[in-house]
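The values are calculated or read from the model by the stated rules, or taken from the named source; none is laboratory data. What you see is a predicted model, and the numbers here were worked out from it, not measured in a lab. Using ideal geometry, Cβ is built from the backbone for each residue, glycine included, and neighbour counts are taken over all protein chains shown. With ligands, DNA and RNA removed, areas are computed over all heavy atoms of the protein, side chains included. Shrake-Rupley method; radii C 1.70, N 1.55, O 1.52, S 1.80 Å.
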Amino acid sequence: MRGSVERGWGWGRRAPSPLLLLTLLLFAAPFGLLGEETRQVSLEVVPNSLGPPQNLLHIRAVGTNSTLHYVWSSLGPLAVVLVATNTPHSTLSVNWSHLLSPEPDGGLMVLPKDSIQFSSALVFTRLLEFDSTNVSDTAAEPPGRPYPPYSLADFSWNNITDSLDPVTLSATFQGHPMNDPTRTFANGSLAFRVQAFSRSSRPAQPPRLLHTADTCQLEVALVGASPRGNRSLFGLEVATLGQGPDCPSMQEQHSIDDEYAPAVFQLDQLLWGSLPSGFAQWRPVAYSQKQGDRASALPCHASPLHPALAYTLPQSPIVRAFFGSQNNFCAFNLTFGASTGPGYWDQHYLSWSALLGVGFPPVDGLSPLVLGIMAVALGAPGLMLLGGGLVLLLRHKKYSEYQSIN
């Protein structure tokens, strides 16, 4: 049976070369998912034609043959709808009367509909907090006794227009609970800073994720909020839409290079399908200080994805408006820190970064420092052999030139 399949493909006994497989994969991929070196990026807070401003941020990244749409909103819990099309002319259409109604289906569309190659969403539903005082197992799940979570659907958010920066292509959603009887957030906030890119680069601050024109970066920062315990660990509950009956997959990539994020040799990825497709990517590290150095690094643990009933999650109007009443939600938790070592309790600060994009996730090559070390390590034996050979040659020449006086 297997032999007949191979002959049917015309490969015979020889396996296809990696180059051939890559070529086939690229030609089979939709044009909107192949990725582009540069894009024309614009940020717009979509105006509400029916009343006061609403936090609806549209990032549009236009390439030669495709467009990426990131629609971020704090209507309900903070969420993003990601759409990739195979035309540079696709547009976002918002029906505010539908979007702000109890039944927002159809209130958000990307047109033309038949140009859409990929679409999904991420919803940040709850801020989690655990008491890790008596937990000795750093891999425990959950990492301690849970406190009642903060629903991000019940947060009050800043006016996103005030933080819009067209130079850095960024904007920040900053919020706190509307009902805060214990004044936990009296001097604190939870912020989501989003940033788009027109080309490939790498930020100066750890974890220095390599971004491309096909990605958007998210930085989450919890600052100044009073923990409910002496050794509180914080986390995020994240929900997403599956591309079918199954949940997206979670993958780990490992490297020998940690120059960009010291002591972190791993990269985690959430993949919505076989590549090229949508993805989220992050290093499993958070930081308890703003400068983000090795001394303030905290482990970041992602739980396995599991199906979640839509009615158990805080609902996002933009997700419902774009996808309708789909119920193939999956959820997972991100937890930051451990019961020992540095933690949020040090300076009441916590930050974590991730990339969201479409196509092939960025892949870190070896850094110049590691390449230099490898060159020295591999080149030193060769230089020693060469040097030894030259010494022997010169000594042989010296002896051959010596003539006896007898």
Q | Members of segment 107-136 found to be under 30 Å from residue 214 (Cα atoms), open to solvent by 20 Å² or more (accessible area, probe 1.4 Å) and not in a strand (DSSP E or B), listed by number | A | 112, 113, 114
(Q) Checking the conditions here, which among 296, 274, 255 is at pLDDT below 95, small (Gly, Ala, Ser), over 28 Å from residue 57 (Cβ atoms) and open to solvent by less than 10 Å² (accessible area, probe 1.4 Å)? (A) 296
Q. Is it the case that residue 215 is in contact with a Gly (Cβ under 8 Å, 6 or more places away or on another chain) and touching a residue at least 24 places away in the same chain (Cβ under 8 Å)?
A. yes
Q) Which ones in segment 329-348 are open to solvent by 20 Å² or more (accessible area, probe 1.4 Å) and part of a strand (DSSP E or B)? A) 329, 333
Q: Return the total of residues in segment 63-91 being assigned to a strand (DSSP E or B) and hydroxyl-bearing (Ser, Thr, Tyr).
A: 5
Q | Matching residues, segment 159-201, being assigned to a loop (DSSP other than H, G, I, E, B), in contact (Cβ under 8 Å) with a residue 60 or more places away in the chain and more than 22 Å from the chain's Cα centre (by Cα) | A | 159, 188
Q | In segment 53-63, residue modelled with the lowest pLDDT [restricted to those that are under 27 Å from residue 176 (Cβ atoms) and open to solvent by 30 Å² or more (accessible area, probe 1.4 Å)] | A | 53
**Q.** Qualifying position, being out of contact with any helix residue (DSSP H, G or I) (no Cβ under 7 Å at 6 or more places or on another chain), modelled with pLDDT under 95, over 26 Å from residue 150 (Cα atoms) and of a type in the set (A, V, I, L, M, F, W, C), among 265, 279
**A.** 265
**Q.** The listed residue being at pLDDT 95 or above, among the small types (Gly, Ala, Ser) and open to solvent by 10 Å² or more (accessible area, probe 1.4 Å), out of 93, 66, 170
**A.** 93
Q: Quick one: which residue in 255, 232, 277 is under 20 Å from residue 142 (Cβ atoms), over 13 Å from the mean Cα position of the chain (by Cα) and hydroxyl-bearing (Ser, Thr, Tyr)?
A: 232
Q: Run residue 139 past the list (1) of a type outside the set (D, E, K, R); (2) surrounded by 15 or more Cβ atoms within 10 Å (Cβ to Cβ); (3) within 24 Å of the chain's Cα centre (by Cα); (4) modelled with pLDDT under 95 and report the number of the one that doesn't hold.
A: (2)
Q) Just to be sure, is residue 81 surrounded by fewer than 20 Cβ atoms within 10 Å (Cβ to Cβ) and hydrophobic (A, V, I, L, M, F, W, C)? A) no
Q.
Take the residues in segment 238-249 that are under 15 Å from the mean Cα position of the chain (by Cα) and not in a loop (DSSP other than H, G, I, E, B); name whichever of them is surrounded by the fewest Cβ atoms within 10 Å (Cβ to Cβ).
A. 249
Q | Tally of residues being in a strand (DSSP E or B) and either among the basic types (Lys, Arg) or free of Cβ contacts under 8 Å to residues at least 40 places away in the same chain (or both) across segment 92-106 | A | 1
Q: Give the number of residues within segment 308-319 that are in contact with a Gly (Cβ under 8 Å, 6 or more places away or on another chain) and open to solvent by 30 Å² or more (accessible area, probe 1.4 Å).
A: 2
Q) Any idea which of 50, 43 is under 26 Å from residue 152 (Cβ atoms), part of a loop (DSSP other than H, G, I, E, B), among the aliphatic types (A, V, I, L, M) and open to solvent by 30 Å² or more (accessible area, probe 1.4 Å)? A) 50
Q | Checklist (1) surrounded by 14 or more Cβ atoms within 10 Å (Cβ to Cβ); (2) free of Cβ contacts under 8 Å to residues at least 24 places away in the same chain applied to residue 151, failing item | A | (2)
